[in-house]
1. If a residue has to be out of contact with any strand residue (DSSP E or B) (no Cβ under 7 Å at 6 or more places or on another chain) and of a type in the set (Val, Ile, Thr) to count, how many in the stretch 39-60 make the cut?
2. The conditions are (1) within 17 Å of Ala99 (Cβ to Cβ); (2) in contact (Cβ under 8 Å) with a residue 60 or more places away in the chain, and Asn32 fails exactly one of them. Which is it?
3. Are any residues in the stretch 35-53 touching a residue at least 24 places away in the same chain (Cβ under 8 Å), hydrophobic (A, V, I, L, M, F, W, C) and farther than 21 Å from Asn63 by Cα, and if so, which ones?
Amino acid sequence: MSEQSAKPYLVRAICEWCADNGLTPYLNVRVNGQTRVPAAYVKNGEIVLNISASATRHLTVDNNGVRFSARFSGSSQEVAVPLDAIAGVFAKETGYGFAFTLAPDPATSLVAATAPSELDLGSTLERDQRAAEVPKDGGKPKSRPSHLQIIK
């Protein structure tokens with residue numbers, strides 16, 4: 001038998017605590033392929049959502065994630081956030097809440113693992129600069145295009 005995540009319980013607890021204390025609960029979400037949120041409000045792959053009772057309709061926090069209906073620029077939209085996309089829940093006014101460790105995005109992990117380190121990049125650039133400064137034929141220094149690529 002696998003253990004259930006505590007995340008939905010903590011999200012509900014912060015929401016209830018905020019309601020009891022007149023605070024506004026916010027959800028920090030890392031947007032992924034399973035997340036349904038208004039794309040116009042996503043910045044740097046993340047969105048922060050007001051999940052207070054006055055901002056949402058039919059708020060549901062269960063073991064699958066958070067779902068609700070809310071108005072964005074006057075238009076009602078359905079929002080669905082799976083548990084694994086929730087990065088944190090907190091009170092807007094105090095910042096009190098919980099931050100969650102998220103599994104790394106496979107594409108981001110691959111880019112980070114294959115990118116040259118700053119130390120390697122610095123030594124390569126220094127070597128290229130020295131080679132460009134000292135021409136072998138006595139003429140003007142030649143600049144070589146970099147052999148490094150940015151993979152997105």
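The values are calculated or read from the model by the stated rules, or taken from the named source; none is laboratory data. Remember, predicted model here, so these are calculated numbers, not experimental data. Backbone-built Cβ (ideal geometry, glycine too); neighbour counts: all protein chains shown.
1. So the answer is 1.
2. Of everything listed in (1) within 17 Å of Ala99 (Cβ to Cβ); (2) in contact (Cβ under 8 Å) with a residue 60 or more places away in the chain, Asn32 misses just condition (1).
3. Ala40
Residue by residue, here is whether (1) outside the structural domain of Ile151 (by TED's automatic domain parsing); (2) within 28 Å of Ile151 (Cβ to Cβ); (3) out of contact with any His (no Cβ under 9 Å at 6 or more places or on another chain) holds:
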| site | (1), (2), (3) |
| --- | --- |
| Glu16 | yes, no, yes |
| Thr24 | yes, no, yes |
| Arg57 | yes, no, yes |
| Phe68 | yes, no, no |
| Arg71 | yes, no, yes |
| Ala85 | yes, yes, yes |
| Ala91 | yes, no, yes |
